[in-house]
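**Student:** The structure follows.
The values are calculated or read from the model by the stated rules, or taken from the named source; none is laboratory data. The model shown is predicted, which means the values in this text are computed figures rather than measured ones. Cβ placement follows ideal geometry from the backbone for every residue including glycine, while neighbour counts extend to all protein chains displayed.
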Amino acid sequence: MKKIIIAGTSSGVGKTTITCGIMRALRDMSIKVVPFKIGADYIDTTYHCLATDNTSTNLDEFMLNKNTIKRIFMQNMKSNDIAIIEGVMGLFDGYQDRDDYCSTASMSKILDSPIILIIDAGKMATSIAPIIKGFLEYDKKLNIVGIILNNVSTDSHYNILKNSIKK
């Protein structure tokens, strides 16, 4: 079963726009996408429906136990090729200070799903590297398989970021 979580370093990094863009691109390639949204957000699910022509389902650890989340996820995966799951807030942001409860990180563990992390790099250069390193090392149980740098303004900006990350 193919699945990926689109997470962010924080709210406002472009998760919904990028998630919908990925969903639409896959749909346009005749790939059946089933969309999900972590948490009780009902605006983003509407955008997911527009991008995929498929119903988007909320996965909310506050309202549902882990077994129910897994059951809902599997039921919605039927006759679809890939699940695209949009995270909530920042990757590790959950309910109050209760570890990662209700966070995107927790949902990744529940669903055993890899993660693509989005970072707003618009006002950043070399500082990108320790941010990425921190996210990769903070919880070794997570499988962050890719990084998307949003708001990269020019080729030279891209090269500064790329060289910093390579180091």
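**Student:** So which of ILE160, ILE72 ends up being of a type in the set (A, V, I, L, M) and under 21 Å from ILE43 (Cα atoms)?
**Tutor:** Matching residue, one of ILE160, ILE72: ILE72.
**Student:** So, one more: I need every pair where a residue in the stretch 5-17 that is closer than 12 Å to ASP44 by Cβ and without any contact (Cβ under 8 Å) to a residue 40 or more places away in the chain has its Cβ under 9 Å from the Cβ of a residue that is surrounded by fewer than 24 Cβ atoms within 10 Å (Cβ to Cβ) and aromatic (Phe, Trp, Tyr), sequence separation at least 6 or different chains.
**Tutor:** So the pair list comes out as THR17/TYR47.
**Student:** Show me the strands (runs of 3 or more DSSP E) entirely contained within the stretch 1-69 in which 2 or more residues are more than 11 Å from the chain's Cα centre (by Cα) and more than 19 Å from SER106 (Cα to Cα). Steps first, please.
**Tutor:** Numbers: elements: 2-8, 33-38, 57-59.
Here the list reads 33-38.
**Student:** Still on this model: Output the number of the condition that MET77 fails; it satisfies all remaining conditions of (1) at pLDDT below 95; (2) touching a His at 6+ places or on another chain (Cβ under 9 Å).
**Tutor:** It fails just one condition, (2).
**Student:** Can you name the number of the only condition in (1) over 30 Å from LYS133 (Cα atoms); (2) of a type in the set (A, V, I, L, M, F, W, C); (3) surrounded by fewer than 18 Cβ atoms within 10 Å (Cβ to Cβ) that PHE62 fails?
**Tutor:** Of everything listed in (1) over 30 Å from LYS133 (Cα atoms); (2) of a type in the set (A, V, I, L, M, F, W, C); (3) surrounded by fewer than 18 Cβ atoms within 10 Å (Cβ to Cβ), PHE62 misses just condition (1).
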